[in-house]
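The values are calculated or read from the model by the stated rules, or taken from the named source; none is laboratory data. Keep in mind that what you see is a predicted model, and the values were worked out from it rather than measured. Here the Cβ is made from the backbone with ideal geometry for all residues, glycine too, and neighbour counts use every protein chain on show. The area values use the complete protein model at the heavy-atom level, side chains included, leaving out ligands, DNA and RNA. Shrake-Rupley method; radii C 1.70, N 1.55, O 1.52, S 1.80 Å.
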Amino acid sequence: QLLSQGDAQNAVEFLKKAAAKDHNTVKALTQLARAQTEARDFDAALSSLSRAKELTDNDKRLVLIEAELLNGQRRHQDARELYGSITKKDGSSVYAQSLIGISSTYRDTGDAAKAVQFMQDAMQKTSKVPKRTEAKMWEELGRGFEASRSRDQARGAYQTCIDTFNLYANCHCRLALILGRGAEATQAAKACVRVDPRGELAAAVQRLLR
């Protein structure tokens with residue numbers, strides 16, 4: 001919960017204690033690695049991931065976290081290759097998340113056009129993913145459009161994200177932020193705060209409601 005609220009440092013401390021109590025808990029180590037990545041303590045995150053890998057057999061969720069870590073270190077090509085090691089055989093949800101990750105590596109290197117094209121192609125090729133994951137794909141497409149200054153297309157992607165899975169707060173938040181002011185922006189901002197009042201984007205959105 002602390003991590004979802006953007007409190008990475010306190011999440012790290014909490015999860016360290018949880019992992020210390022039970023060294024065989026892959027879930028605790030995985031969450032700890034994610035929190036350490038958010039806190040930009042990359043060496044510690046790699047260490048936690050290594051411990052988690054010792055306790056499980058080929059868990060692709062750990063690959064996703066490691067790739068995210070590499071991308072956070074600006075090792076974008078390494079991250080892209082690691083994301084690319086995940087295939088459809090590993091499951092529709094984890095595969096879709098790897099495609100989102102690849103798109104983010106292009107976006108983070110300033111190639112928004114390539115991120116958009118990649119994500120559009122990816123969404124044509126994926127099917128039967130969980131609605132929440134599908135919503136995240138629309139969010140990534142919207143972020144690509146936004147980075148390429150295609151605001152109307154970004155708005156459309158965020159709205160489709162909301163229509164796909166209404167309980168995914170990020171797209172309400174991003175729609176509110178891109179709209180800025182007005183009744184539609186206020187409505188999106190209220191939905192963002194209602195769905196996840198302490199989420200990663202909620203603080204920025206709160207300013208629209210003042």
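Using helices alone, I'd like the mean residue ellipticity at 222 nm for the chain: each DSSP H run of four-plus residues gives -39500 (n - 2.57), total over residue count, nearest 500.
Mean residue ellipticity at 222 nm (helix-derived): -23000 deg cm²/dmol.
Could you give the distance between the Cα centres of segment 168-197 and segment 83-112, to the whole Å?
26 Å
Answer with a single label: of (i) 0.99; (ii) 1.41; (iii) 1.04, which was calculated as Cα Rg over 2.2 N^0.38 Å from the structure in view?
Entry (iii).
What trypsin sites (Lys or Arg not before Pro) in segment 167-198 are in a loop by DSSP, with at most 16 other Cβ atoms within 10 Å of the Cβ?
Answer in residue order: Arg181, Arg198.
Quick one: putting +1 on the C-beta of Lys and Arg, -1 on the C-beta of Asp and Glu, what dipole do you get for segment 73-123 around its Cα centre, in Debye to the nearest 20?
The calculated dipole for segment 73-123 is roughly 40 debye.
List the trypsin sites (Lys or Arg not before Pro) within segment 51-143 that fall in a DSSP loop (any state other than H, G, I, E or B) and whose Cβ has at most 13 other Cβ atoms within 10 Å.
Counting only loop positions with at most 13 other Cβ atoms within 10 Å, the trypsin sites (Lys or Arg not before Pro) in segment 51-143 are Arg74, Lys128.
Roll a 1.4 Å probe over the protein chains and send me the accessible area per residue for the chain in Å².
Accessible surface, normalised per residue, equals 54 Å².
Of the accessible area of the chain, with the probe set at 1.4 angstrom, what percent is carbon plus sulfur?
In the chain, the share of accessible area belonging to carbon and sulfur is 45 percent.
Residues with beta-carbon under 14 Å from that of Leu167, excluding Leu167: net charge, scoring Lys, Arg +1 and Asp, Glu -1?
0
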